[in-house]
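Input: a single structure, listed below in structure tokens.
The values are calculated or read from the model by the stated rules, or taken from the named source; none is laboratory data. Because the structure is predicted, anything quoted here is derived from the model rather than measured. All Cβ positions, even for glycine, are placed from backbone atoms using ideal geometry, and neighbour counts span all protein chains on display. Accessible surface areas use protein heavy atoms only, side chains included; no ligands, DNA or RNA. Shrake-Rupley method; radii C 1.70, N 1.55, O 1.52, S 1.80 Å.
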Amino acid sequence: MKVMKFGGTSVGSPERIKNVCKLVTKSGEPTFVVLSAMSGTTNSLIEITDYLYKKNQEGASEMINRLEEKYMKVADELFATDERKQKAVDFLKGEFEYLRSFTKDFFTSFEEKAIVGQGEIISTNLAVNYLQETGVNAVLLNALDFMRTDKNAEPDLQYIKEKLGSCMAENKGHQIYVTQGFICRNAYGEIDNLERGGSDYTASLIGAAMGAEEIQIWTDIDGMHNNDPRVVDHTEAVRQLNFEEAAELAYFGAKILHPTCVQPAKYAGIPVRLKNTMAPDAEGTIIDNVIVRGKIKAVAAKGNITAIKIKSSRMLGAAGFLRKVFDIFESYQTPIDMIATSEVGVSMSIDNATHLDEIVDELKKYGTVAVDTGMCIVCVVGDLDWSNVGFETLATDAMKNIPVRMISYGGSNYNISFLIREADKKKALQNLSDVLFNKDDSAK
């Protein structure tokens, strides 16, 4: 069985919901479908919770009424028969009455997560009703019945496998199984969400739990490109990536995929395919455990980076200096992206500057601190093992006219990274494309 996940854009209108339903039934084989909320819905629900936190019940009610009106129009356009249309209308009335029940004086973060998750509940209900209207043997499985996180807010893999197995056993014989992405319960039974990777994470967890043949992530772009198509001319979809390469690209800016969401598929050895809902016949990108030797695959960039340099003569030969520095970042829950050291200094980059002032203040206990903001990390990804003579030269040659603040190479066999100014990002990405991808293979 394949698992197919569709994002908010893919189900963003009645017409697109119909197209998705055609796609999932095309093969005629049993398929498990994971759906996000219709595009724009989650933002509206977050805005409703913002009004509720501010105790503005009137503002929340207005937003709820506006969203209800939108969905009533969706139901009117989506269904052809009066019976199904009325069923959808009755369901939507119940959903929006549920949302109105939160317009009270006291509002909690757990209620916020319950509200934000209603977008997926609505989209899956509409899709299953449409499938059934068109004669498809489809069933809706509630993700809250089997998707759960543990006390560390990580997916409870054994629980998911057992409960999903029970749900499938109770619903044998259907062609299409539909569930919600993103939402889950936490270890205490409260409605929560998976946060990192959202619906992609749900699809990967389900695929791993079921031992699926393939996990497909459907978006509005033809797979993962070899550079950012919003910035660089003449990019192309990469047809194959190793899981490690895909994770590096996702972490360093390829928005099509979250870096952690494919981990369950990786460990289960299940390939993940990135497909385009708008061009379903396009090949897309396959992500698996296969390593293609001696090939640079893609470039990605991550902005809003801050560089921090601490210089201290006390670092020279001093055991424990780096531990003290790292402990400061850990105490403020701030991950480090890149690091470079010398005899008397250490430079680091972070992408979360929330506690920058406190971190700098603490670091000043150990040395002189300098901060550079408005930075960007550009990474080159592929089989960059040190035995591939000359690959690092290709990357650095493309950057020869770009001021580089820091270089990271050797920490991974799949990545060489450059820290540059955000203002130089476009030029750097274009230069790398020209040198790495837009020349004949013989020139490389």
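Yes or no, residue by residue, for (1) among the acidic types (Asp, Glu); (2) in a helix (DSSP H, G or I); (3) closer than 29 Å to residue 203 by Cβ:
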| position | (1), (2), (3) |
| --- | --- |
| 11 | no, no, yes |
| 18 | no, yes, yes |
| 29 | yes, no, yes |
| 61 | no, yes, no |
| 95 | yes, yes, yes |
Exercise. Taking the residues in the stretch 374-389 that are touching an Asp or Glu at 6+ places or on another chain (Cβ under 9 Å) and open to solvent by 40 Å² or more (accessible area, probe 1.4 Å) as candidates, determine which candidate is modelled with the lowest pLDDT.
Key: 386
Exercise. Could you tell me whether any residue of the stretch 326-342 is more than 27 Å from the chain's Cα centre (by Cα), buried (at least 18 other Cβ atoms within 10 Å of the Cβ) and at negative phi?
Key: yes
Quiz prompt | The one condition in (1) assigned to a helix (DSSP H, G or I); (2) of a type in the set (Gly, Ala, Ser); (3) at pLDDT below 90; (4) open to solvent by 20 Å² or more (accessible area, probe 1.4 Å) that residue 411 fails to fulfil | solution = (1)
Quiz item: Does residue 36 qualify as being open to solvent by less than 40 Å² (accessible area, probe 1.4 Å), of a type in the set (S, T, N, Q) and within 18 Å of residue 140 (Cβ to Cβ)?
Solution: yes
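Residues in the stretch 161-186 that are in a loop (DSSP other than H, G, I, E, B) and under 23 Å from the mean Cα position of the chain (by Cα): how many? Walk me through it before giving the result.
Residues of the stretch 161-186 that are in a loop (DSSP other than H, G, I, E, B), as a first pass: 171-175, 181-182, 186.
Add one more test, that the residue is under 23 Å from the mean Cα position of the chain (by Cα), and what stays is 181-182, 186.
Total satisfying the criteria: 3.
Here's the yes/no breakdown for (1) outside any helix (DSSP H, G or I); (2) open to solvent by 30 Å² or more (accessible area, probe 1.4 Å):
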site	(1), (2)
65	no, yes
68	no, yes
88	no, no
103	yes, yes
120	no, no
127	no, no
131	no, no
Quiz item: Of the residues that make up the stretch 155-178, is at least one hydrophobic (A, V, I, L, M, F, W, C) and at pLDDT below 90?
Solution: no
Quiz prompt | Members of the stretch 187-203 that are of a type outside the set (Lys, Arg), touching a residue at least 40 places away in the same chain (Cβ under 8 Å) and not in a strand (DSSP E or B) | solution = 190, 194, 195, 197, 198, 199, 200, 201, 202, 203
Self-check item: Any pair with Cβ under 7 angstrom, 6 or more apart, that starts in the stretch 76-90 at a residue that is touching a residue at least 24 places away in the same chain (Cβ under 8 Å) and ends at one that is of a type in the set (Phe, Trp, Tyr) and surrounded by 11 or more Cβ atoms within 10 Å (Cβ to Cβ)
Solution: 78/130; 79/130; 88/79
Practice problem: Among the candidates 364, 295, single out the residue that is over 19 Å from residue 411 (Cα atoms) and not small (Gly, Ala, Ser). | Solution: 364
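So, residue 54, is that one of a type in the set (Lys, Arg), closer than 27 Å to residue 19 by Cβ and out of contact with any strand residue (DSSP E or B) (no Cβ under 9 Å at 6 or more places or on another chain) or not?
Details: of a type in the set (Lys, Arg): yes; closer than 27 Å to residue 19 by Cβ: no; out of contact with any strand residue (DSSP E or B) (no Cβ under 9 Å at 6 or more places or on another chain): yes.
In short, no.
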Practice problem: Those residues that are out of contact with any strand residue (DSSP E or B) (no Cβ under 9 Å at 6 or more places or on another chain), among the small types (Gly, Ala, Ser) and open to solvent by less than 30 Å² (accessible area, probe 1.4 Å), I need them from the stretch 9-26; list them, please. | Solution: 12
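Working carefully through the options 359, 350, 416, find the one that is closer than 27 Å to residue 294 by Cα, at pLDDT 90 or above and under 30 Å from the mean Cα position of the chain (by Cα).
Values: 359 fails: closer than 27 Å to residue 294 by Cα; 350 fails: closer than 27 Å to residue 294 by Cα.
Of 359, 350, 416, the one residue that is closer than 27 Å to residue 294 by Cα, at pLDDT 90 or above and under 30 Å from the mean Cα position of the chain (by Cα) is 416.
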Quiz item: Considering only the stretch 39-55, how many residues are open to solvent by 10 Å² or more (accessible area, probe 1.4 Å) and either assigned to a helix (DSSP H, G or I) or closer than 20 Å to residue 72 by Cβ (or both)?
Solution: 10
Exercise. May I ask you to say which residue of 395, 319, 353 is surrounded by 14 or more Cβ atoms within 10 Å (Cβ to Cβ) and in a loop (DSSP other than H, G, I, E, B)?
Key: 353
Quiz item: Residues of the stretch 414-428 being open to solvent by less than 70 Å² (accessible area, probe 1.4 Å) and either assigned to a strand (DSSP E or B) or under 18 Å from residue 391 (Cβ atoms) (or both), which ones?
Solution: 414, 415, 416, 417, 418, 419, 420, 428
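For the condition farther than 27 Å from residue 168 by Cα, surrounded by fewer than 21 Cβ atoms within 10 Å (Cβ to Cβ), at pLDDT 95 or above and not β-branched (Val, Ile, Thr), what is the one hit in 77, 58?
Every option except 77 fails the conditions.
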Self-check item: Boolean, residue 392 is under 30 Å from residue 240 (Cα atoms) and either at pLDDT 95 or above or among the aliphatic types (A, V, I, L, M) (or both)
Solution: no
